[in-house]
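Novice: Sharing a structure, written as structure tokens. Questions coming.
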Amino acid sequence: MQYPETKLPNVGTTIFTEMSQLAAEHHAINLSQGFPDFDGPLALLDRVTYYLEAGFNQYAPMAGVTSLRNAIGMKVERLYDCQVNPDTQVTVTSGATEALFAAIGAVVRAGDEVIVFDPAYDSYEPAVELNGGRVIHLALKSPDFSIDWSQVKAAINEKTRMIIINSPHNPTGSVLAATDLDQLEALVAGSDILLLSDEVYEHICFDGAHQSLLRRPSLAERAFVISSFGKTYHTTGWKVGYCVAPAALTVELRKLHQYLTFCTVHPIQLALADFINDYPEHYLELPAFYQHKRDLFCELMAPSRFSFKPAQGTYFQLMDYSAIAPDMDDVTFARWLTTEVGVAAIPVSVFYDCPPEQRLVRFCFAKDDQTLKQAADKLCKI
Ligand code: PMP
Ligand code: GLN
């Protein structure tokens with residue numbers, strides 16, 4: 001039997017799986033894959049138990065339960081002053097990952113170009129490629145990982161179907177400013193270019209308000225805006241996310257969503273709706289919660305030989321190790337850190353098409369203070 005050639009020749013097992021496995025094998029403190037080592041709020045867990053026991057264990061409505069779509073609509077209006085119709089513009093998905101795949105699959109056609117900024121989250125490119133599109137990689141500017149808008153302008157042509165942005169940004173922790181949205185508005189005005197805005201860390205933005213595309217009607221009218229409850233409620237394993245998009249784009253997104261998964265886990269959607277309505281302070285206080293962890297980690301790492309600038313958003317901190325191992329590439333360094341030092345990290349070069357000469361690894365600080373102290377203790381010794 002001759003098996004078909006792979007459709008994704010450049011894809012292997014993700015770096016997150018690889019590093020978490022290595023961390024487990026070597027009993028290293030896992031600051032690689034992004035997930036908290038603490039649990040979601042008790043009141044939320046209680047609501048899930050309630051709905052499980054109350055028998056909400058069959059299919060949920062395809063687009064998501066009404067109470068959760070309404071809660072998302074109200075949150076978006078409160079935070080971003082954006083009115084959306086929950087029936088026609090909000091879709092609950094099985095994680096942001098599914099929403100990204102469905103949004104890209106809904107609109108990208110053979111020959112289309114999609115602009116992506118490197119270092120880029122790993123799931124965008126395979127989705128574009130599977131739909132016959134081509135990713136145009138533009139590198140974020142060092143050292144602050146900002147977008148070079150003149151480069152974007154030069155890259156846009158009649159084949160440009162979509163621009164994918166991600167703020168707060170994984171893996172660098174940079175955030176877009178209001179002036180970036182001004183530039184984006186000017187660039188896409190009068191065109192049919194679509195936007196995909198990965199805002200899964202919308203509530204983990206430290207120095208100033210999160211610049212959601214939903215704040216700007218001229219951007220929102222062409223955007224799929226995607227978020228994840230996994231990040232906001234410390235429940236990455238539940239895989240519940242959502243997409244807000246104009247009605248016409250939502251119709252197309254749902255055509256894919258209904259055949260990818262049809263619907264998303266029912267009792268958890270109901271529980272999330274209650275919790276969002278009853279405890280809005282959870283997402284309002286999340287920036288302060290994670291800022292404490294960022295500041296603690298940075299303070300603990302100050303005596304180390306790593307150099308860094310505190311992240312502006314996300315629960316990731318980049319660190320430059322050139323004073324420790326100037327000649328070691330980051331994949332080797334991350335593996336060495338895991339197996340020999342006992343702290344797992346993510347190498348940054350894997351998120352680039354053409355990695356620049358830099359010596360950076362990413363640490364996840366969504367961890368108990370004690371875990372951060374133990375990790376920093378080991379990292380300060382090298
Ligand atoms: N986008 C980015 C930038 C992420 O960091 C993640 C987190 N894994 C996702 C999308 C996917 O989110 P989810 O776990 O809800 O699928
Ligand atoms: N988004 C998480 C990270 O960046 C990982 C998600 C995954 O493992 N697919 O670490």
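Novice: Run ARG69 past the list (1) away from ligand 1 (no atom under 16 Å from the Cβ); (2) assigned to a helix (DSSP H, G or I); (3) under 28 Å from ALA155 (Cβ atoms); (4) in contact with a Ser or Thr (Cβ under 9 Å, 6 or more places away or on another chain) and report the number of the one that doesn't hold.
Specialist: Going through (1) away from ligand 1 (no atom under 16 Å from the Cβ); (2) assigned to a helix (DSSP H, G or I); (3) under 28 Å from ALA155 (Cβ atoms); (4) in contact with a Ser or Thr (Cβ under 9 Å, 6 or more places away or on another chain) one by one, ARG69 breaks only (3).
Novice: Taking the stated definitions as given, is GLY55 more than 15 Å from ligand 1 (Cβ to nearest atom), over 27 Å from GLN374 (Cβ atoms) and in a loop (DSSP other than H, G, I, E, B)?
Specialist: In short, yes.
Novice: ALA209 is checked against (1) farther than 30 Å from ASN57 by Cβ; (2) at pLDDT 95 or above; (3) among the aliphatic types (A, V, I, L, M) and fails just one. What number does that condition carry?
Specialist: For ALA209, the exception is condition (2).
Novice: Here's another thing I want to ask about it. In region 132-162, what count of residues is obtained for those that are touching a Ser or Thr at 6+ places or on another chain (Cβ under 8 Å) and either modelled with pLDDT under 95 or outside any strand (DSSP E or B) (or both)?
Specialist: 4
Novice: Here are some conditions: (1) farther than 25 Å from LEU318 by Cα; (2) within 15 Å of ligand 2 (Cβ to nearest atom). ARG215 meets all but one. Which one does it not meet?
Specialist: It is condition (2) that ARG215 fails.
Novice: Could you list, in sequence order, all residues of region 22-55 that are more than 10 Å from ligand 2 (Cβ to nearest atom), closer than 27 Å to VAL265 by Cα and surrounded by 15 or more Cβ atoms within 10 Å (Cβ to Cβ)?
Specialist: Scanning region 22-55 gives PRO36, ASP37, GLY40, LEU44, LEU45, ARG47, VAL48, TYR51, LEU52.
Novice: Additional query: Filter region 1-20 for residues that are within 16 Å of ligand 2 (Cβ to nearest atom), over 30 Å from PRO267 (Cα atoms) and either in a loop (DSSP other than H, G, I, E, B) or free of Cβ contacts under 8 Å to residues at least 60 places away in the same chain (or both) and give the result.
Specialist: Residues satisfying the conditions are LEU8, VAL11, GLY12, THR13, GLU18.
The values are calculated or read from the model by the stated rules, or taken from the named source; none is laboratory data. Just so it is clear, the model here is predicted, and its values are computed rather than measured. Heads up, the Cβs are rebuilt from the backbone with ideal geometry, glycines too, and the neighbour counts pull from every protein chain shown.
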